[in-house]
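Here's the structure, in structure tokens; my notes come after.
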Amino acid sequence: MGIAASLVSCNYDNYEEPSFQLDGRIVYQGEPIGVSYNDVYIELWESGWQRLGNIGVAVDQDGSYSSLLFKGDYKMIIPNNQGPFRKITNDQSGNDTIPVNLTGSRTMDIEVMPYYMIRNTNISSGNSQVTATFDLEQIITGDDAKDIQEVFLYVSKTSFVDNRTSIANTTIGVEDLELSSISLAVTIPEIVPTQNYVYARIGVRIDGVEDMIFSEIVKVDL
């Protein structure tokens, strides 16, 4: 028993850890797609392994992702109904699966087609309020187009900003919405313990799409 335990311990000690980092961003024409924390993910399937599962990689709020992996060939998949965008056909695979040959650490952005983009965002504070002005650009038109359901301004005590963490928010419905020169303002409640800053960003809910698209998170001094 002692020898067996020693051998098992030795095998565990010598187990090779993944050492290659694969990272990048979900982008449209090089511009990151903002999402809510821990809600959007991609899958990596390693060729040659008879495994039942996959490696799930969460997409961060700024559209970035990162994973430590072994050397090898992988298939990268964005599962259906993930993200406020449509997937793009990959030239190499002929479908939306993205082949990844990993021989060392690498950075690889994933190009997608969002339904809308948030443009010209300006978020500021004054008179106990946070105010945002911005434009919206419809990217997908025609048969695949989707309407906007609601637009939000979220304010949070921390740099995690969405409907789950906001201490104040306001919205504009589709019946009052124009795509240009949109303005939203929300009053900041008393913050306990007191702090002289908050974080804010715009979120857009698209009809029939689970995940919202978000603007960049901005730290606002009060």
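The values are calculated or read from the model by the stated rules, or taken from the named source; none is laboratory data. All figures in this text were calculated on a predicted structure; none of them were measured in a lab. All Cβ positions, glycine included, derive from the backbone under ideal geometry; neighbour counts span all protein chains shown.
Conditions (1) outside the structural domain of residue 35 (by TED's automatic domain parsing); (2) at pLDDT 95 or above; (3) surrounded by 12 or more Cβ atoms within 10 Å (Cβ to Cβ), marked per residue:
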site: 151; (1), (2), (3): yes, yes, yes
site: 155; (1), (2), (3): yes, yes, yes
site: 164; (1), (2), (3): yes, yes, yes
site: 174; (1), (2), (3): yes, no, yes
site: 192; (1), (2), (3): yes, no, no
site: 201; (1), (2), (3): yes, yes, yes
site: 205; (1), (2), (3): yes, yes, yes
site: 214; (1), (2), (3): yes, yes, yes
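Taking the criterion of being modelled with pLDDT of 95 or more, of a type in the set (S, T, N, Q) and surrounded by 15 or more Cβ atoms within 10 Å (Cβ to Cβ), the only residue of segment 1-59 that qualifies is 36. Contact annotation: residue pairs with Cβ atoms under 6 Å, 6 or more positions apart or on different chains, pairing a residue in segment 94-118 that is under 20 Å from residue 143 (Cβ atoms) with a partner that is of a type in the set (Lys, Arg) and surrounded by 15 or more Cβ atoms within 10 Å (Cβ to Cβ), are 96/87; 113/86; 115/146.
A single member of 101, 95 is outside any strand (DSSP E or B) and assigned by TED's automatic domain parsing to the domain that holds residue 22, and it is 95.
Scanning segment 99-129 for residues that are among the hydroxyl-bearing types (Ser, Thr, Tyr) and exposed (fewer than 15 other Cβ atoms within 10 Å of the Cβ) yields a count of 5. Residue 119 - would you say it is basic (Lys, Arg) and in the same structural domain as residue 161 (by TED's automatic domain parsing)? Considered against the rule, which asks whether it is basic (Lys, Arg) and in the same structural domain as residue 161 (by TED's automatic domain parsing), residue 119 comes out as yes. Of the residues making up segment 132-182, those that are part of a loop (DSSP other than H, G, I, E, B), more than 26 Å from residue 37 (Cβ to Cβ) and touching a residue at least 24 places away in the same chain (Cβ under 8 Å) number 4.
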